[in-house]
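Input: a single structure, listed below in structure tokens.
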Amino acid sequence: MSGSKRDWSGNAKRRDGPKPAQKQVVRNAYTPMFELLRNELDEHHDRRERIVKASRDITALSKKIIFSLQRVRKIESQLPANIQAEVDSRLAEISKLLATLAPEIQGINRYRYSRNLMCLEELVEALTFAHYLKTQTLISHAELSPIVEDLTQKGAVTRDGEVMGDASDTAGNAAEPAEAPTTEDLPTISLTEDDYLYGVFDLTGEMMRFATTSTALTGSMASGQAAGAGGDEPRTIVQDMHELGTFFEMLPVGPESRFQWYKKLEVTRQSVRKVETLGYDRIVRGSERPEGWVPDLSTGDQGQRDELE
Amino acid sequence: MAPPMIDPALFDQLKSKIEEDTNVRKELDQIIDELNQHVSYTQGVLSRIHSTPRSKYEALLGQVENGIKQEIQTVGRLSAFASQYPYYKYNHKWSRTVQDAISTVILCAWLGGMSPESKPGEVGRLLTLEDVGKAFEVPVNLKDRDAFHITIEEYLLGLIAVVDDLSRLAVNSVTLGDNAMAVQISGFVKDLHAGFQVLNLKNDTLRKRVDSIKYAVKKVEDVVYDLSLRNLIPAQGSQ
């Protein structure tokens, strides 16, 4: 029980007296205008929240794909079955998330939330890495875009069959419950050049880690399959890293964020250096190794610890 | 022969894309620079309001309107150019300048400038987001298509700058003997403060700037308090 209020002469005021009119939000000539603006802003904030959530999940799943891929030991056209299965199941999940994301970032909203869409870089990193492990080439932006669009639309189709748990889906999905939509009508996610480039920047780090572990464990530099009889020596990952390094050195600095660009470029340079050293070690000391010798893995790991993130 | 690591066409594609991006930014920088000059000039002229008695507003506001015309013209150029590209890709480049331009227009109108013929020189008129859009001849709060427009945030941030300026004017109008102006400003600033309370703000720039309104309210209230203490408030309050 709190103390009672008293009037100026000290007499306690009755508590059960008529309550003062319920405190109203002060309304004035401008209140309706602010209420309209509030609704608009709320819509924006809510949408951003949904995007951030989906984006975070996609990032986590992409990272898991990358971890799976790091368990691959050599470049060949088929990923080991167990790893391929892991990748596929993650991709299926990503696909669903992309489908929920797509209607939110159509048209003008694509760039409005681009800062909340870091997940696309991460996804690019995972997809380019998988592609490299299978083909030993860098997938181009033009080839990758349709893949991401495809993933997005597939996610929408599979999700359609289920009961939609997410009731907060907005206008973009209004047409969906109609008979099975053709994929062409579904909103999709366009991959910007920046998403692609920054994803590929990160790819160099993954290639460096892959080069390090695969060399350490197999005792030979990851390379393509020997090209038939009498062909050239197959390309090794050292050459690929060099080419990627040169690729970025020759590109003009991306103007979106020079700071970011230089930071990523510097990391790329370091990765190239590390793989170079690896190649050198193989040539110089490799011959001294007895057949079947496996290096101490703990030292192999040290080199990359700072590169993990 | 195995395919090369990187398709040469990829390099060319990305290079030309980056170059295009860089050129767009250069062009935008030029337009925004120009807009900045007009805005600074207009703000400069507007700052004379603090030393101008109300009877001479008309002449001063005429000068302000000239500056605003220049702003409007440049915003038109900006709009035409920027609308060719994704709006939010470059919006951060001009957002600040456009906010300042919006402030000049809102303040000018509040002081009685740019007024409709029916009510010339009426003090205390608040331009809405739509009014500001009409003044600049650009759309506002666009959602259905990707083109240049004025955003809600830009309008609100511009409005907050006006509130701050008005709190200064409250002090100076009293110095100039125009106590009614201080009282009117007090009512207006309090109403806006209440209005901003209606918004659900996130922890972003807008929230930080909205927080500053309370200092403007305090400043204006102090002035009104001083006046009422000395019975200096004109009998016909303009609230």
Flag if A:Arg90 is crowded, with 19+ Cβ neighbours inside 10 Å and within 15 Å of A:Asp195 (Cβ to Cβ): no
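B:Ala9: assigned to a helix (DSSP H, G or I), within 14 Å of chain A (Cβ to nearest Cβ) and at pLDDT below 95, yes or no? Give the derivation first.
Numbers: assigned to a helix (DSSP H, G or I): yes; within 14 Å of chain A (Cβ to nearest Cβ): yes; at pLDDT below 95: yes.
So B:Ala9 passes the test.
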Hey, could you check segment B:86-130 for residues that are open to solvent by 50 Å² or more (accessible area, probe 1.4 Å) and either outside any loop (DSSP other than H, G, I, E, B) or under 24 Å from A:Arg112 (Cα atoms) (or both) and say which is farthest from the other protein chains (Cβ to nearest Cβ)? B:Arg96
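Can you tell me which of A:Ala180, A:Ala156, A:Ala142 is assigned to a loop (DSSP other than H, G, I, E, B) and either open to solvent by less than 80 Å² (accessible area, probe 1.4 Å) or at pLDDT below 80 (or both)?
Numbers: A:Ala156 fails: assigned to a loop (DSSP other than H, G, I, E, B); A:Ala142 fails: assigned to a loop (DSSP other than H, G, I, E, B).
After applying the criteria, what remains is A:Ala180.
Scanning for something more than 14 Å from chain A (Cβ to nearest Cβ), within 17 Å of the chain's Cα centre (by Cα) and closer than 30 Å to A:Ile108 by Cα, does segment B:148-164 turn up at least one residue? Break it down stepwise before answering.
Restricting attention to segment B:148-164, the residues satisfying the condition of being more than 14 Å from chain A (Cβ to nearest Cβ) are B:161, B:164.
Now drop any that are not within 17 Å of the chain's Cα centre (by Cα), which leaves B:161, B:164.
Subsequent filtering for residues that are closer than 30 Å to A:Ile108 by Cα retains B:161.
There is at least one residue in segment B:148-164 that is more than 14 Å from chain A (Cβ to nearest Cβ), within 17 Å of the chain's Cα centre (by Cα) and closer than 30 Å to A:Ile108 by Cα.
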Could you tell me whether A:Ala85 is open to solvent by less than 90 Å² (accessible area, probe 1.4 Å), at pLDDT 95 or above, more than 22 Å from A:Glu149 (Cβ to Cβ) and not assigned by TED's automatic domain parsing to the domain that holds A:Phe210? yes
Answer yes or no: is there a residue in segment B:186-199 that is hydroxyl-bearing (Ser, Thr, Tyr), surrounded by 14 or more Cβ atoms within 10 Å (Cβ to Cβ) and not in a loop (DSSP other than H, G, I, E, B). yes
Considering only segment B:66-85, I want to know if a residue exists there that is within 14 Å of chain A (Cβ to nearest Cβ), among the aromatic types (Phe, Trp, Tyr) and either in contact with a Pro (Cβ under 7 Å, 6 or more places away or on another chain) or farther than 18 Å from B:Ser115 by Cβ (or both). yes
Candidate set from segment A:189-211 (those that are surrounded by fewer than 22 Cβ atoms within 10 Å (Cβ to Cβ) and of a type in the set (Ser, Thr, Tyr)); member that is nearest to B:Thr22 (Cα to Cα): A:Thr192
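Give B:Glu65, B:Glu137 a once-over and let me know the one that is open to solvent by less than 70 Å² (accessible area, probe 1.4 Å), acidic (Asp, Glu) and either in contact with a His (Cβ under 7 Å, 6 or more places away or on another chain) or over 23 Å from B:Ala170 (Cβ atoms) (or both). If you could, list the steps in order and put the result at the bottom.
Values: B:Glu137 fails: open to solvent by less than 70 Å² (accessible area, probe 1.4 Å).
Going through B:Glu65, B:Glu137 in turn, the sole match is B:Glu65.
Which ones in segment B:13-36 are within 18 Å of A:Gly199 (Cα to Cα) and not hydrophobic (A, V, I, L, M, F, W, C)?
B:Gln13, B:Lys15, B:Lys17
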Checked against (1) within 24 Å of B:Ile6 (Cα to Cα); (2) out of contact with any helix residue (DSSP H, G or I) (no Cβ under 8 Å at 6 or more places or on another chain), A:Ile75 satisfies every condition except (2)
Which residue, of B:Thr42, B:Thr74, is of a type outside the set (Lys, Arg), in contact with a Ser or Thr (Cβ under 6 Å, 6 or more places away or on another chain), in a helix (DSSP H, G or I) and open to solvent by less than 10 Å² (accessible area, probe 1.4 Å)? B:Thr42
Of (1) surrounded by fewer than 18 Cβ atoms within 10 Å (Cβ to Cβ); (2) in contact (Cβ under 8 Å) with a residue 12 or more places away in the chain, B:Ile32 satisfies every one except (1)
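The values are calculated or read from the model by the stated rules, or taken from the named source; none is laboratory data. Just so you know, these numbers come straight off a predicted model, no measurement behind them. Every residue, glycine among them, receives a Cβ derived from its backbone with ideal geometry; neighbour counts consider all protein chains shown. Keep in mind that these areas ignore ligands, DNA and RNA; they rest on the heavy atoms of the full protein, side chains included. Shrake-Rupley method; radii C 1.70, N 1.55, O 1.52, S 1.80 Å.
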